[in-house]
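The values are calculated or read from the model by the stated rules, or taken from the named source; none is laboratory data. As the structure is a computational prediction, the values presented were derived from the model and not from experiment. Here Cβ is always computed from backbone atoms with ideal geometry, including for glycine, and neighbour counts include all displayed protein chains. What goes into the accessible areas is simple: the full protein's heavy atoms, side chains included, and nothing from ligands, DNA or RNA. Shrake-Rupley method; radii C 1.70, N 1.55, O 1.52, S 1.80 Å.
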Amino acid sequence: MADRIKESWNSRIGVILAVSGSAVGLGNFLRFPGQVAEYGGGAFMLAYFVAFLLIGLPICWAEWAMGREGGLKGFNSAPSILAAITQRPGLRFVGIIAVVIPVVIYMYYVVIEAWCLAYATNYLFGDMRFNQTSEATEFFNNLIGASKDGSALGFDIKHVGVFFVAVFILNFVLIWRGISRGIELFCKYAMPTLLVVALIILVRVLTLGTPDTAHPDRTIGNGLGYMWNPSKQVLEVKDANGEWQQEREIVDAKNMQDAVALVADDEGKRLRQLTAFEQLSNPNLWLAAAGQIFFSLSVGFGVIITYSSYMKKKDDIVLSGLAAASANEFCEVAVGGLISIPAAVAFFGVSGLAGIGLSTFDIGFKALPMVFSQMPAGMLFGFLFFFLLFLAAVTSSLSMLQPGIAFLEESLNINRRQSVAILGFVVAMGSAYVLYFSADLKALDTLDFWVTNLLMVVLATAQVIIFAWVIGIEKGFEMAHAGAAIRIPKIFKFTMKYITPLLLIAILGCWFYSSVLGYSFDPGKPREYSSYVSDLFIKPNTIAWMAVGLIALTGLFIGLNLLPATHFKPTPPAKKGAKQ
Amino acid sequence: MNLSGWLVMLFSIGSVVSLFIWCIYKVLTIPKETEHVHGFEQEPPDMQ
């Protein structure tokens, strides 16, 4: 390995833009606002920042440090890096997960990327003026083939097929060009463009005021309130069992007046204030906040460890890691947090938005197209928004390919072009499976659930334990601080050694308890298996099993091609008096 | 939006904007920028 000529980054700015490009994606502009609105607005933000400090940043720095150290030993793929820096060949098997995650996520992420390009193109050349939400939903369902397997494969402007081919080729052309001429060059232009486009849309959204004077309660101010108020006034209704269930949130004086009148007339309804403290006592809120930090910062993803392995001994990684994380947080909180939800509330009101839904796809591909339909110059802003999502998606998907390429180069001892060709074939097969089995997005959804909820948390936990306990926290900090422009505060030694691993284990436990075993944190709720578990074990579904099989096969392929353990045995010290 | 909502929003956005600006400032003002190994016009080593 040592005699192979290594690639490297061209500049510090370049690597920061590439890592932040990897982190900034659809999650910043669509998933984050949906999560904040769903889990208590301002209350969610407290849990979010705690997760950023106690989980996100520690794993981020650990990955940067271990990756760079592995790179210095001549390795660029996670299995080899973990084995080489710890001199424990068995840890190659943990590293398998760090290659499986980005490769499998790429298989479905590139399909979502194609949706974004399809929307941007349709805003330029097609008719995207929808009068009703059902029309926007129908357009989305037809484009992605949600009604029937294979129906997404049309090659016209209203189907995703042609866009899928275009984005797949674009990704592989860029990755073919290499680290500096492909990934870094693209991110150097794409990231500033993304930021400018995002700020243009932000200014437009914040100046919407009250778009429809017939609905004076539907304002940007109320949209911001729905998003950021830490305590909530909610209208609750009594269900058949006599339990109070939340119906909707009340965000303005007019709605409050109506709600008070409604409650006075009906004993089955009541108004209640949910305090920030009450919301923070919900374990689901903390799980959601930690999950958002994971997806958002791309930690436990296998990308940072590979990217940082292309850095040099004297390169700073502490400031670079923090800068990449801060760029991601800026895009997420300061931009993403002010666009989607406030705009949707300004046009449809809180109940209207609740009717459409708060999931990533509901907000992005159903609610926002309706907003752009009604907004002045909406077609232009629609194009800009989906072009922004497309750029964010490309910078992320590029990063998902590099760990696989580094692994193939290393384990099969082949050059970049050969490994790009092999990986291209593998992910093309996986993506074709996701694209074809499009009905109800079963394939995409199943892959996403098991990879992001299980594998990412397992990998992050393993990585932080390796950094703090196997390598040792003192040596780990020494590795991180080589060439560092700033120092990691000492408090993070304790955090990374005890708090982060414990929190990650707790998250994994809570996820298993609620999402796999089906128990609820709400004592009144009965046990109910999630559809993902049901699809595998209760009412077995072939497509779901194929998704799990695809993950397992990818892992098996990687496992069978690991470098032999002898590559990582410590060199015995030379005997005294022996010939040099 | 109520007063506490304004406070949470301003604190959240203020924090991430300040951190982002500070990081950009530090990255741009630290003199030892990584040396330019090769330009974009040049083939990466393993593709030559």
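A few points about this structure:
- A single member of A:K238, A:K232, A:K254 is within 13 Å of another protein chain (Cβ to nearest Cβ) and farther than 25 Å from B:V17 by Cα, and it is A:K232.
- Verdict on A:V371 being part of a helix (DSSP H, G or I), out of contact with any Ser or Thr (no Cβ under 8 Å at 6 or more places or on another chain) and within 14 Å of chain B (Cβ to nearest Cβ): no
- Taken together, the criteria exclude A:F365 from residues that are of a type outside the set (G, A, S), touching a residue at least 40 places away in the same chain (Cβ under 8 Å) and open to solvent by 10 Å² or more (accessible area, probe 1.4 Å).
- Scanning the stretch A:204-252 for residues that are more than 19 Å from A:F32 (Cα to Cα), of a type in the set (A, V, I, L, M, F, W, C) and open to solvent by 30 Å² or more (accessible area, probe 1.4 Å) turns up A:A214, A:V237, A:A240, A:W244.
- Scope the stretch A:104-131; condition aliphatic (A, V, I, L, M) and assigned to a helix (DSSP H, G or I); matching residues: A:V104, A:I105, A:M107, A:V110, A:V111, A:I112, A:A114, A:L117, A:A118, A:A120, A:L124
- Members of the stretch A:459-507 found to be in contact (Cβ under 8 Å) with a residue 60 or more places away in the chain, open to solvent by 50 Å² or more (accessible area, probe 1.4 Å) and under 27 Å from the mean Cα position of the chain (by Cα), listed by number: A:I499, A:L503
- Enumeration of residues in the stretch B:12-21 that are out of contact with any Phe, Trp or Tyr (no Cβ under 6 Å at 6 or more places or on another chain) and either at the interface with chain A (Cβ under 8 Å from one of its Cβ atoms) or surrounded by 14 or more Cβ atoms within 10 Å (Cβ to Cβ) (or both): B:S12, B:I13, B:S15, B:V17, B:L19
- Candidates A:G182, A:G178, filtered to the one that is at pLDDT below 85, surrounded by 15 or more Cβ atoms within 10 Å (Cβ to Cβ) and under 23 Å from A:V111 (Cα atoms): A:G178
- Selection count, the stretch A:409-422, where residues are under 17 Å from A:M107 (Cα atoms) and open to solvent by less than 10 Å² (accessible area, probe 1.4 Å): 2
- A:A346 meets the conditions (1) away from chain B (no Cβ under 14 Å); (2) open to solvent by less than 10 Å² (accessible area, probe 1.4 Å) in every case but one. The failed one is (1).
- Among the residues of the stretch A:147-161, those identified as buried (at least 18 other Cβ atoms within 10 Å of the Cβ) and of a type in the set (A, V, I, L, M, F, W, C) are A:A152, A:V160.
- Among the candidates A:G34, A:G27, A:G71, A:G56, the residue that is more than 10 Å from chain B (Cβ to nearest Cβ), outside any loop (DSSP other than H, G, I, E, B) and farther than 30 Å from A:F277 by Cβ is uniquely A:G71.
- Positions within the stretch A:38-50 being open to solvent by 10 Å² or more (accessible area, probe 1.4 Å) and in contact with a helix residue (DSSP H, G or I) (Cβ under 6 Å, 6 or more places away or on another chain), in sequence order: A:Y39
- Unique residue being closer than 29 Å to A:L26 by Cβ, part of a helix (DSSP H, G or I), open to solvent by 10 Å² or more (accessible area, probe 1.4 Å) and in contact (Cβ under 8 Å) with a residue 24 or more places away in the chain when the list is A:I101, A:I96: A:I96
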